[in-house]
Amino acid sequence: MMEFGGWWMPVQYKGILEEHKAVRTAVGLFDISHMGQLVVSGPDSEMWLNQVLTNDVRLLDDGQGQYTLLLNESGGVIDDLIIYRVEANSYFLVVNASKIEEDVLWLQSKLSGDVTLADQSGDWAGLAIQGPAAKECLEALLGQDIQLPQKNGLLSLGIPNGPILIARTGYTGEDGFEWFCPARMAAYWWSKILELGQAFGIQPCGLGARDTLRLEAGFPLNGSDLSPKHTPLEAGLSIFVKFDKGAFTGRPVLEKQRMTGVETKLVGLIMADKTPPPRPHYPVFHANAPVGETTSGSLSPTLGSGIAMAYLPTSLASPGTLVEVEIRGKRFPATVAKRPMYRRAK
Amino acid sequence: MKVPTNLLYATSHEWLRNDAGHATVGITDHAQHELTDVVYVELPSIGATIEAGQQICVVESVKAASDIYSPASGTVTEVNDALSQDPALLNTDPYDKGWIFKLRLATDADLSSLKSPEQYTEQLHSL
């Protein structure tokens, strides 16, 4: 068990490697109730959201979601989140547990027009059902008649003891769903999904596997790989920044970076065989000179070698570049790799 | 958790088996369980001299690196190379195939400060 974002959460149930494998080959169930839920509503929602977030909410139809970023005035990342358009003028935002308060304070300070912002984090519990068998597992639970959402989509189900929101999203690099229900129903659905998932080899999964899975999939973790010191362009998230939608917080800095290029980039690193696993804050060297430090790192259970992320000078950010990671005073070879380091077979 | 009766234990969850001044050292079943899946062992160097309670090597699980402390003073005479190939031996067989290193004891005096199986079991129960 460990403290995470103010929650006391399991690192593992049976073992990180076993849980990781279950998600890559079958299905895993995560408790993601720590994550925050904000609801934005009102006639000016769309316009206002486009001013405070980097992606373009106008691209969303009802029941669709997108990954987006909340920036400070210098273009640094306050939080990364998924925003769903439930219906016109009603948006559901899923934010990081450790950032709920900061996000809400920031957004409140930016409120303008006819917009209401509500923090519903205490009302919602969240479960993530992730893995190649996630779809079959949910079909077994809900029946074949239910049309499950497409990638990044959101389905609202009004059922007894509901409502339930089911999103086709995740943080593992596999197909999967994030399931939001009233907090009092969390234990019920957790048990129910585990029970029905048995036939598909379901495993309850903790924070440990959540971290190795997302790292392999190249997803940054806010607070580690994302921070107010780095912009989304430096983090390799430019496809989630839309410059053709008008003004948004941080835009001037990002625009300048787009013109002149970024000085540092978040890269993936794959360690040579038989080296110790990298961890956050290990120094990275190139040609005997310090060039950065790792922001995340672990053994990759799928690749069998260590993987990490680090901000490196742009000149060293091309895949194939050889660098060294210093671990307990010794340097070990690593190669800059394209993110994600793991991609599922289609 | 298994606590074999023929071993001595350090508060920091290492075990020691003394064989006429030549000791074998490893980590306990409780320690391997807490560490979770071990994926890397940085073995000590043969010939290194070490004081009781000093950090001597590092065991890495998927989630973290953990220091291992020598339960006694002495000189390292042998290390378990099998752990380089199969670090998971620490999880599957912590008291036998998962031994970490052997130590020529500098003095028997250190052993009296280690815990008996009963005392170590008590420590585990008080956690």
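The values are calculated or read from the model by the stated rules, or taken from the named source; none is laboratory data. This structure is a prediction, so every number in the text was calculated from the model and none was measured. Positions of Cβ are generated from backbone atoms using ideal geometry, with glycine treated the same way; all protein chains shown enter the neighbour counts. Ligands, DNA and RNA are excluded from the accessible area calculation, which covers all protein heavy atoms including side chains. Shrake-Rupley method; radii C 1.70, N 1.55, O 1.52, S 1.80 Å.
Taking into account only those residues within the stretch A:1-25 that are among the aliphatic types (A, V, I, L, M) and touching a helix residue (DSSP H, G or I) at 6+ places or on another chain (Cβ under 6 Å), which is nearest to the other protein chains (Cβ to nearest Cβ)?
Looking at the filtered set, the residue picked out is A:Ile16.
Restricting attention to the stretch B:48-64, which residues are under 15 Å from B:Ser12 (Cα atoms) and small (Gly, Ala, Ser)? Lay out the reasoning, then the answer.
From the stretch B:48-64, those under 15 Å from B:Ser12 (Cα atoms) are B:51-59; that's our starting set.
Answer for the stretch B:48-64, where residues must be under 15 Å from B:Ser12 (Cα atoms) and small (Gly, Ala, Ser): B:Ala52, B:Gly53.
Tell me which strands (runs of 3 or more DSSP E) are completely within the stretch B:1-88 and hold 1 or more residues being at pLDDT 95 or above and within 11 Å of chain A (Cβ to nearest Cβ), or say none if there are none.
B:38-42, B:55-61, B:65-69
Tell me which of these B:Phe101 doesn't satisfy, since it passes every other one: (1) touching a residue at least 40 places away in the same chain (Cβ under 8 Å); (2) within 14 Å of chain A (Cβ to nearest Cβ).
Evaluating B:Phe101 over (1) touching a residue at least 40 places away in the same chain (Cβ under 8 Å); (2) within 14 Å of chain A (Cβ to nearest Cβ) leaves (2) as the failure.
Could you tell me which residue of the stretch A:60-83 is nearest to A:Trp48 (Cα to Cα), considering only residues that are surrounded by fewer than 14 Cβ atoms within 10 Å (Cβ to Cβ) and touching a residue at least 60 places away in the same chain (Cβ under 8 Å)?
This residue is A:Glu73.
Can you tell me which residue within the stretch A:284-296, out of those that are surrounded by 15 or more Cβ atoms within 10 Å (Cβ to Cβ) and out of contact with any Leu (no Cβ under 9 Å at 6 or more places or on another chain), is nearest to the other protein chains (Cβ to nearest Cβ)?
Looking at residues that are surrounded by 15 or more Cβ atoms within 10 Å (Cβ to Cβ) and out of contact with any Leu (no Cβ under 9 Å at 6 or more places or on another chain), I get A:Glu293.
Conditions: (1) more than 12 Å from chain B (Cβ to nearest Cβ); (2) open to solvent by 10 Å² or more (accessible area, probe 1.4 Å). A:Leu299 meets all but one. Number of the miss?
Unmet for A:Leu299, out of (1) more than 12 Å from chain B (Cβ to nearest Cβ); (2) open to solvent by 10 Å² or more (accessible area, probe 1.4 Å): (1).
Pairs please, first residue from the stretch A:265-283 and within 13 Å of another protein chain (Cβ to nearest Cβ) and under 14 Å from A:Ser305 (Cβ atoms), second anywhere and among the basic types (Lys, Arg) and surrounded by fewer than 22 Cβ atoms within 10 Å (Cβ to Cβ), Cβ atoms under 8 Å, 6+ apart in sequence or on different chains.
As it stands, the answer is A:Pro276/A:Arg328, since those pairs meet every condition given.
Just give me the residues in the stretch A:84-132 being among the β-branched types (Val, Ile, Thr) and buried (at least 22 other Cβ atoms within 10 Å of the Cβ), in sequence order. Steps first, please.
In the first step, residues of the stretch A:84-132 are kept if they are among the β-branched types (Val, Ile, Thr); the result is A:86, A:94-95, A:100, A:104, A:115-116, A:129.
The answer is A:Val94, A:Val95, A:Ile129.
Of all the strands (runs of 3 or more DSSP E) wholly in the stretch A:156-228, which have at least 1 residues that are within 21 Å of A:Gly122 (Cα to Cα)? Even if it seems obvious, please write down each step before you answer.
Values: elements: A:164-167, A:176-182, A:202-205.
Result: A:164-167, A:176-182.
Only one residue in A:Asp31, A:Asp44 is closer than 21 Å to A:Gly246 by Cα and in the same structural domain as A:Gly197 (by TED's automatic domain parsing), so which one is that?
A:Asp44
Collect the residues in the stretch A:101-146 that are of a type in the set (Asp, Glu) and more than 15 Å from A:Thr249 (Cβ to Cβ), keeping them in residue-number order.
First, pick out the residues of the stretch A:101-146 that are of a type in the set (Asp, Glu): A:101-103, A:114, A:119, A:123, A:136, A:139, A:145.
Of everything in the stretch A:101-146, those that are of a type in the set (Asp, Glu) and more than 15 Å from A:Thr249 (Cβ to Cβ) turn out to be A:Glu101, A:Asp114, A:Asp119, A:Asp123, A:Glu136, A:Glu139, A:Asp145.
Among the numbered criteria (1) crowded, with 23+ Cβ neighbours inside 10 Å; (2) of a type in the set (A, V, I, L, M, F, W, C); (3) without any contact (Cβ under 8 Å) to a residue 24 or more places away in the chain, which single criterion is violated by A:Ile146?
If we test A:Ile146 against (1) crowded, with 23+ Cβ neighbours inside 10 Å; (2) of a type in the set (A, V, I, L, M, F, W, C); (3) without any contact (Cβ under 8 Å) to a residue 24 or more places away in the chain, just (1) comes out false.
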